[in-house]
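The values are calculated or read from the model by the stated rules, or taken from the named source; none is laboratory data. This is a predicted model, so every value here is computed, not measured. Don't worry about glycine lacking a Cβ; one is built from the backbone with ideal geometry, like all the others, and counts go over all protein chains shown.
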């Protein structure tokens, strides 16, 4: 019970950066970690580091999930992959957490199909922390449910509030509804209905938040359907990376700009760190019966270390139980 | 007939920048422009410039649309506003064009309710040109219809293709569907259905385009529902302006960064111009019986001048008639 499972083979930098993150985590937190994946490859990485050998255990798996793999197929066919075995471990050990930088689709499918939902939860939601002026803002759903009902969105807000209170230490998380205008009657039918439900939800609902305000919003939790959330997530990533790469080529254009770039290096570094997802750890799949944390596919050891830390807090704060209690409380009202 | 009407009172910089844009436009294009708005204020601005006085006519209006005004209310109550009178001019003169930097909501409501739709068009769509690597990409709908059907989206693609061919000189416009994955079965029900319809539409459909790829997409036309389009539009604006202002404060942080900033000035200016909406003119409201062009609310004279130029091309190329012909052609298939 209370185990920590790590997908040693998921993400662009596996297994090297994943193994390094695990070593750093066991050294800092003195908790035992189970790494799933190719035993030989993981062992080879482990020889590079100093750590208490009792704290890292390898669970050998023989198959590898590729990014092109159809998610549902992974679950049915690649039963001895680090991803599938890792998720299944949570079935034996419901207080365990599983952290993976592998395929989002496969993790979603696996989490939902293999673990099932917390009783009373209509749909699980993938939740990410966006950088914002005041610190992380949770945005959900970012892709687990392309079609949503208003009642799902209210549950998303409730689950993320529990998470924000416990994992991000925000006493009374403010909830905003992503929308195309600030007035209550704005948006499509789904969003008008959700607005009305959120108003009487008992959550600290601050109203509609337009997408232009996300980064400067006062909200700690922003809810939307999974289609809209995925559009927001990928547009944010695409646009930031396009702007940064354009800036980089502008800096290389002439001798003059290169000199300017050298002088600006520290300021630009600090500027870029504002937009660094690595600080924020992973994205929890809230609502399934298990602690499933998705780390960014391009995670380096620092990003993955933060995702592990997040998984440990998720476990220590009994997020699953708290979500479950909150649902029961709601249903009794 | 074939008149050009300009809302002299709309936008953050009215009437001064609007009037300047009109003067520049009549000097360059030798076409007559009717400016609607407060006669005294407009006259005062006009005294600053040299131009052929026969080419600018003022149509006095006594009321002003405020940004806080409820759009439907504007149409009913502010009947002598530059916005409402301007739209109504197109009823008398269906080959006229009206260009406004005023309230988007009021322009949408006015265009739709006062002018009505081109026969066969189910819904009009607000269309913007996004900066992209290969030049402007048309994105629609960005806010006229929060709830859409698949058939609307196919018509949006068709209208924007006509517009791209004629106004942007793109011979065979490539159409992409905004979505949360590239495979045909991705997205919510609306998008799956739209994908199937676009495939047999006869348009040059290149498939789904994820939001992270918008700026580097090969598509000339990107379609989505008005809720999603508005989210994309405002997130793009919000994020770019946040990144640029963060960059600006990074440059001011120390003496060293200030010096670097001075050296980088030309490169940064060029970098920023890549993201400059001013080059791209206005957003046509496609599908209504009239040439309605929405300029950005913060348009300066250069941006508004480009919107006027766009209105003139819209008129000269008979976009309304061409959309109408295309619809008839479709219905006969």
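Tabulated data
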quantity	calculated
So residue A:146, is it within 14 Å of chain B (Cβ to nearest Cβ), buried (at least 21 other Cβ atoms within 10 Å of the Cβ) and under 19 Å from residue A:190 (Cα atoms)	yes
Residue satisfying all of: in the range A:75-104; under 15 Å from the mean Cα position of the chain (by Cα) and under 13 Å from residue A:11 (Cα atoms); surrounded by the most Cβ atoms within 10 Å (Cβ to Cβ) among these	A:100
Any hit, the range A:119-133, residues being farther than 15 Å from residue A:294 by Cβ, in contact with a strand residue (DSSP E or B) (Cβ under 7 Å, 6 or more places away or on another chain) and either in contact (Cβ under 8 Å) with a residue 24 or more places away in the chain or not in a loop (DSSP other than H, G, I, E, B) (or both)	no
Residue A:247 within 27 Å of residue A:108 (Cβ to Cβ) and surrounded by fewer than 24 Cβ atoms within 10 Å (Cβ to Cβ)	no
Residue among A:179, A:185 that is surrounded by fewer than 24 Cβ atoms within 10 Å (Cβ to Cβ) and farther than 29 Å from residue A:270 by Cβ	A:185
Hits in the range A:13-25 (condition: touching a helix residue (DSSP H, G or I) at 6+ places or on another chain (Cβ under 6 Å), in a helix (DSSP H, G or I) and crowded, with 21+ Cβ neighbours inside 10 Å)	A:17, A:18, A:19, A:21, A:25
Residue list for the range B:26-45, restricted to those being in a loop (DSSP other than H, G, I, E, B) and either surrounded by 18 or more Cβ atoms within 10 Å (Cβ to Cβ) or out of contact with any strand residue (DSSP E or B) (no Cβ under 8 Å at 6 or more places or on another chain) (or both)	B:30, B:38
Checking residue B:255 against (1) modelled with pLDDT of 80 or more; (2) surrounded by 15 or more Cβ atoms within 10 Å (Cβ to Cβ), the condition it does not meet	(2)
Evaluation of residue B:267 against (1) crowded, with 21+ Cβ neighbours inside 10 Å; (2) at the interface with another protein chain (Cβ under 8 Å from one of its Cβ atoms); (3) at pLDDT below 95; (4) out of contact with any helix residue (DSSP H, G or I) (no Cβ under 6 Å at 6 or more places or on another chain) (one fails), failing number	(4)
Exclusive hit being surrounded by fewer than 24 Cβ atoms within 10 Å (Cβ to Cβ), under 17 Å from residue B:208 (Cα atoms) and out of contact with any helix residue (DSSP H, G or I) (no Cβ under 6 Å at 6 or more places or on another chain), set B:172, B:151	B:151
Which listed residue, of A:232, A:243, is within 14 Å of chain B (Cβ to nearest Cβ), assigned to a helix (DSSP H, G or I) and free of Cβ contacts under 8 Å to residues at least 12 places away in the same chain	A:243
Of the criteria (1) in the same structural domain as residue A:228 (by TED's automatic domain parsing); (2) over 15 Å from residue A:327 (Cβ atoms); (3) touching a residue at least 24 places away in the same chain (Cβ under 8 Å), which one residue A:112 fails	(1)
Those residues of the range B:184-205 which are within 9 Å of another protein chain (Cβ to nearest Cβ) and in contact with a strand residue (DSSP E or B) (Cβ under 8 Å, 6 or more places away or on another chain), in sequence order	B:186, B:187, B:191
Every residue from the range B:288-312 that is farther than 23 Å from residue B:109 by Cα and surrounded by fewer than 17 Cβ atoms within 10 Å (Cβ to Cβ)	B:302
Unique residue being in contact with a helix residue (DSSP H, G or I) (Cβ under 6 Å, 6 or more places away or on another chain), closer than 26 Å to residue A:186 by Cβ and free of Cβ contacts under 8 Å to residues at least 12 places away in the same chain when the list is B:179, B:188	B:188
Residue count for the range A:246-257, restricted to those that are under 37 Å from the mean Cα position of the chain (by Cα), more than 7 Å from every other protein chain (Cβ to nearest Cβ) and part of a helix (DSSP H, G or I)	2
